[in-house]
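Structure record follows, encoded as structure tokens.
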């Protein structure tokens, strides 16, 4: 999907979310984008697989609160049996490796990072790869590619960083397009011990489920650390694959997202719609 189409989807989601009490018509939503109702309907269904109205139903506060309740038992079981990465995301088997203490201390000295800016179903992203796995997946706002690259360089100040869109493009296809053939994917994470615990916990949240900051803090054995958990989630360096978009406020509110609320809604909403279609009955 071209980046322009994603920007239209994001604008539509913002309009629908802010107008939920008015139950806007298809025509009204289409007018916000300067599109015909038929074009808008086709664009939205191609992205989400459902109508704009159905998509919005999955993102209401009441539905979110119900989903939080339903997801709790699933996640409690997951934590109780000690599940950790590898964890499944669509058809991807995720394994996680942390940088060595020496690499952390030296800011990645000796690490080679290839990067590329690419278009995804959720807008442009910067993807960073090392020989040991993905180290960065950051969604990029229009015109901010250079800023995203600077953030990568700041996170890995002594690594060797070079552009290689061919290599990163192949990985990007595996991440966003691989829906049939099971494959494995490795992540290389650079963070504090607490951040690594939080990011690993996020990998236990399956598509179609959500949790709250407070629940994660409790499962990590620090029930009073919900704010610290939120900060660690906000510093997640690998969007989408480490699914911080599946964490909501305890009241069902969408909460923050370092790459924008509309993008969080777009990713989460599409997952919820697809999961509901795959449920029996």
So what's the angle, to the nearest 10 degrees on a 0 to 90 scale, between helix 37-48 and the longest Cα principal axis of the chain? 30 degrees
Rounded to 0.05, the calculated FRET efficiency for the beta carbons of residue 17 and residue 163 at R₀ = 35 Å is 0.45
How many nm is it between the label spots at residue 261 and residue 42, if each spot is 7 Å from the Cα in line with the beta carbon? 3.2 nm
Hey, fewest Cβ within 10 Å first, where do 42, 274 land in order? 42, 274
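Only bridges with both residues in the stretch 64-262 count here: give the DSSP antiparallel percent, nearest 5.
Antiparallel bridges: around 50 percent, rounded to the nearest 5.
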Fewest-first sequence of 188, 33 by Cβ atoms within 10 Å of each Cβ: 33, 188
Relative contact order [Cα under 8 Å, 6+ residues apart], the stretch 184-252, whole percent: 38 percent
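Please compute the length gained on full extension between residue 54 and residue 192, using 0.36 nm multiplied by the number of residues separating them and subtracting their Cα-Cα distance.
Numbers: separation 138, 0.36 × 138 = 49.68 nm, distance 4.02 nm.
In short, 45.7 nm is gained.
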Can you give the extra length, in nm with one decimal, that the chain gains between residue 227 and residue 147 once fully stretched, where that is 0.36 nm per residue apart less the Cα-Cα distance? 26.1 nm
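Under the rule a/c < 1.5 gives rounded, and otherwise a/b versus b/c splits prolate from oblate, where does the stretch 3-58 land using the Cα gyration tensor?
rounded
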With Cα coordinates, the longest principal axis of the chain makes an angle with the long axis of helix 3-18, in degrees rounded to 10, of 60 degrees
Suppose the chain between residue 105 and residue 131 were pulled fully straight at 0.36 nm per residue; how much longer would it get relative to their current alpha carbon spacing? 7.4 nm
Taking only the alpha-carbon positions of the chain and ignoring solvent, what does the Debye formula give for the base-10 log of I(q)/I(0) at q = 0.07 Å⁻¹? -0.26
Counting only C-alpha contacts under 8 Å and six or more residues apart, can you give the relative contact order of the chain as a whole percent? 23 percent
The alpha-carbon center of the stretch 208-231 and that of the stretch 100-141 are separated, in whole Å, by 26 Å
So how do 6, 104 line up by other beta-carbon neighbours within 10 Å, fewest first? 104, 6
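Using helices alone, what [θ] at 222 nm do you get for the chain, with -39,500 (n - 2.57) per DSSP H run of 4 or more residues, divided over all residues and rounded to the nearest 500?
Values: 12 runs with 136 residues, N = 281.
So the calculated ellipticity at 222 nm is -15000 deg cm²/dmol.
Quick note: the coordinates plus some simple rules give every number you see, no bench work behind them. Since the structure is predicted, the reported quantities are computational estimates derived from the model, not experimental observations. Here the Cβ is made from the backbone with ideal geometry for all residues, glycine too, and neighbour counts use every protein chain on show.
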